[in-house]
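Engineer: Have a look at this one.
The values are calculated or read from the model by the stated rules, or taken from the named source; none is laboratory data. What you are looking at is a predicted structure, and each value in this text was computed from that prediction instead of being measured. Counting neighbours? That spans all protein chains shown, and the Cβs are built from the backbone with ideal geometry, glycine included. Note: areas computed on protein heavy atoms with side chains; ligands, DNA, RNA excluded. Shrake-Rupley method; radii C 1.70, N 1.55, O 1.52, S 1.80 Å.
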Amino acid sequence: MELIVIAKPTVFKEESNLVNQLFEAGLQIFHLRKENADEAAYRKTIEGISPEYHPQIALHHFHSLANDYDINRIHHTESFRKEINNGSLPENKICSTSIHSLTDLEQIGQYDYSFFSPVFNSFSKPGYQGVIPADFRLEKQHDNPKIIALGGIGLNQIDRIKAMNFDGLALLGSIWNDPSQAIITFKKAQAKCRAYAQNLTIQP
């Protein structure tokens with residue numbers, strides 16, 4: 001299963017250092033999303049991350065920065081995607097988006113992958129409730145992009161994500177609500193995802 005980490009919505013002092021440590025621990029994709037940050041804050045965060053990891057960063061805003069920092073991943077929020085009416089995507093970029101209803105699957109075929117949220121009750125947004133039943137199982141066509149579960153996902157939910165047939169999961173609140181445990185939490189989640197990929201017995 002794919003394992004993605006999404007940035008904490010607000011800027012904080014040790015973020016870039018922790019992101020570097022996550023990459024060193026094996027993180028493959030980091031989504032840089034700061035809902036109320038300006039371009040200068042985005043630049044500062046990116047510049048604090050080692051250049052060797054820049055190609056593994058996905059930008060949610062200020063997409064033009066991709067050309068300045070060797071970033072080859074672009075994310076279109078659901079609102080942005082609808083604003084451009086599913087227009088053409090940047091060439092030579094890995095493009096992702098977000099959906100909140102599975103009926104939108106047929107509208108995002110040009111993307112490489114999409115987040116679907118909220119799967120469970122959010123850790124980072126109080127009152128943001130999960131929208132799928134406990135017995136849910138994702139049914140996709142072969143030409144659909146990968147669907148990544150997002151929302152309220154911690155170590156205890158990974159088994160359920162696998163059973164629901166998602167292609168992967170994204171961690172946000174479970175990583176950043178306690179930054180002192182971020183690397184430990186990530187490594188435990190990584191071990192579970194790798195075990196699933198190798199069809200090994202999952203240890204609690």
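Engineer: Within the range 145-167, track down each residue that is crowded, with 18+ Cβ neighbours inside 10 Å, of a type outside the set (A, V, I, L, M) and within 15 Å of K188 (Cα to Cα).
Structural biologist: Passing the criteria: only Q157.
Engineer: Looking at S101, S96, S64 in this structure, which one is surrounded by fewer than 12 Cβ atoms within 10 Å (Cβ to Cβ) and closer than 24 Å to F166 by Cβ? Before you say what the answer is, go through the steps one by one.
Structural biologist: Details: S96 fails: surrounded by fewer than 12 Cβ atoms within 10 Å (Cβ to Cβ); S64 fails: closer than 24 Å to F166 by Cβ.
Matching residue, one of S101, S96, S64: S101.
Engineer: Kindly evaluate S114 against the criterion of being modelled with pLDDT under 90 and surrounded by 19 or more Cβ atoms within 10 Å (Cβ to Cβ). Give the steps one after another, and end with the answer.
Structural biologist: Numbers: modelled with pLDDT under 90: no; surrounded by 19 or more Cβ atoms within 10 Å (Cβ to Cβ): yes.
The answer is no for S114.
Engineer: Only residues in the range 171-188 that are surrounded by 15 or more Cβ atoms within 10 Å (Cβ to Cβ) count as the first member; pair them with residues that are of a type in the set (G, A, S) and part of a loop (DSSP other than H, G, I, E, B), Cβ under 7 angstrom, at least 6 apart or cross-chain, and list the lot.
Structural biologist: Close Cβ pairs satisfying both conditions: L172/S124; G173/S122; G173/S124; S174/G154; I183/A25; F186/A25.
Engineer: I want to confirm something. Restricting to the range 117-144 and keeping residues that are loosely packed, with under 15 Cβ neighbours inside 10 Å and small (G, A, S), which single residue is modelled with the lowest pLDDT? It would help to see each step written out before you state the result.
Structural biologist: Of all residues in the range 117-144, those loosely packed, with under 15 Cβ neighbours inside 10 Å come to 121, 126-127, 129, 133-135, 137, 139-143.
The next check asks that each one be small (G, A, S); those that pass are 127, 134.
Details: G127: 62, A134: 76.
Only one residue fits best here, namely G127.
Engineer: Which of the numbered conditions does F80 fail, given that it passes all the others? Conditions: (1) farther than 21 Å from K162 by Cα; (2) aromatic (F, W, Y); (3) modelled with pLDDT of 90 or more.
Structural biologist: Unmet for F80, out of (1) farther than 21 Å from K162 by Cα; (2) aromatic (F, W, Y); (3) modelled with pLDDT of 90 or more: (3).
Engineer: Sticking with this structure for a sec: From the list I84, I57, I46, pick out the single residue that is of a type in the set (V, I, T) and without any contact (Cβ under 8 Å) to a residue 12 or more places away in the chain.
Structural biologist: Numbers: I57 fails: without any contact (Cβ under 8 Å) to a residue 12 or more places away in the chain; I46 fails: without any contact (Cβ under 8 Å) to a residue 12 or more places away in the chain.
The unique qualifying residue is I84.
Engineer: Something else now. Among what's in the range 2-41 and is among the basic types (K, R) and open to solvent by 20 Å² or more (accessible area, probe 1.4 Å), pick the residue that is modelled with the highest pLDDT.
Structural biologist: Filtering the range 2-41 down to residues among the basic types (K, R) leaves 8, 13, 33-34.
Still in the list and also open to solvent by 20 Å² or more (accessible area, probe 1.4 Å): 8, 13, 33.
Numbers: K8: 94, K13: 88, R33: 97.
Among those that are among the basic types (K, R) and open to solvent by 20 Å² or more (accessible area, probe 1.4 Å), it is R33.
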